[in-house]
1. Leu27's amide H: which non-local residues (gap 5+, or another chain) put their own amide H closer than 5 Å, with H modeled 1.01 Å from N in plane and none for Pro or chain starts?
2. Test of understanding: what is the full-extension gain from Thr51 to His3, defined as 0.36 nm times their sequence separation minus their Cα-Cα distance?
3. Loop-only GluC sites (Glu not before Pro) in region 17-108, please: DSSP not H, G, I, E or B, and at most 14 other Cβ atoms within 10 Å.
4. What is the percent carbon and sulfur in the accessible area of region 1-99, measuring with a 1.4 Å probe over the protein chains and ignoring ligands?
5. Taking only pairs that are 8 or more places apart or on different chains, how many Lys pairs in the chain have Cα atoms under 20 angstrom apart?
6. In Å, what is the Rg of the alpha-carbon atoms in the chain, and how long is Dmax?
7. Test of understanding: in a Gaussian network model of the chain with alpha carbons linked when under 10 Å, which of Ser11, Ser32, Ser63 would top the mean-square fluctuation ranking?
8. Taking only protein heavy atoms and a 1.4 Å probe, what accessible area per residue, in Å², does region 1-61 have with all protein chains in place?
Amino acid sequence: MTHYNKSTVLSALDELGSLEAQNRLWLSDGSSGEISSFEEAICQIFDAGVTHELETRQVPAPSYLLFIKLDHLISKVPENMPPKDLISLSIMTEIRDLAVKLKNSITK
């Protein structure tokens, strides 16, 4: 049984899995009322209780492995990079694909 905030995690995975959402939110000047960042999306995933559940092995195996892989890919992303450059990194394609797979594994 998982105790992480599922709706927060799913919303952040939607953002992390969508090039369109990233362009809209991460490049926003805030005038639309919507703004986000790579860091914020990651925090919404792992700070919503997922980190604790991974550490205590309370996440089911398929999702567990995908969360671990996502964390590994995230660690390869350079810090303090302008959002436009970050979005276009080749590793972001892998992260987007993995975020979609992870979301699907959680909603099954």
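The values are calculated or read from the model by the stated rules, or taken from the named source; none is laboratory data. As the structure is a computational prediction, the values presented were derived from the model and not from experiment. Glycine also receives a Cβ, built like all others from the backbone with ideal geometry; neighbour counts cover every protein chain displayed. Just the protein is used for accessible areas: all its heavy atoms, side chains included, with ligands, DNA and RNA removed. Shrake-Rupley method; radii C 1.70, N 1.55, O 1.52, S 1.80 Å.
1. none
2. 16.2 nm
3. Listed in order of number, the matching sites are Glu34, Glu79.
4. Answer for region 1-99 is 53 percent, counting heavy atoms of protein chains only.
5. 9
6. 13.6, 41
7. Ser32
8. Value returned for region 1-61: 56 Å² of accessible area per residue.
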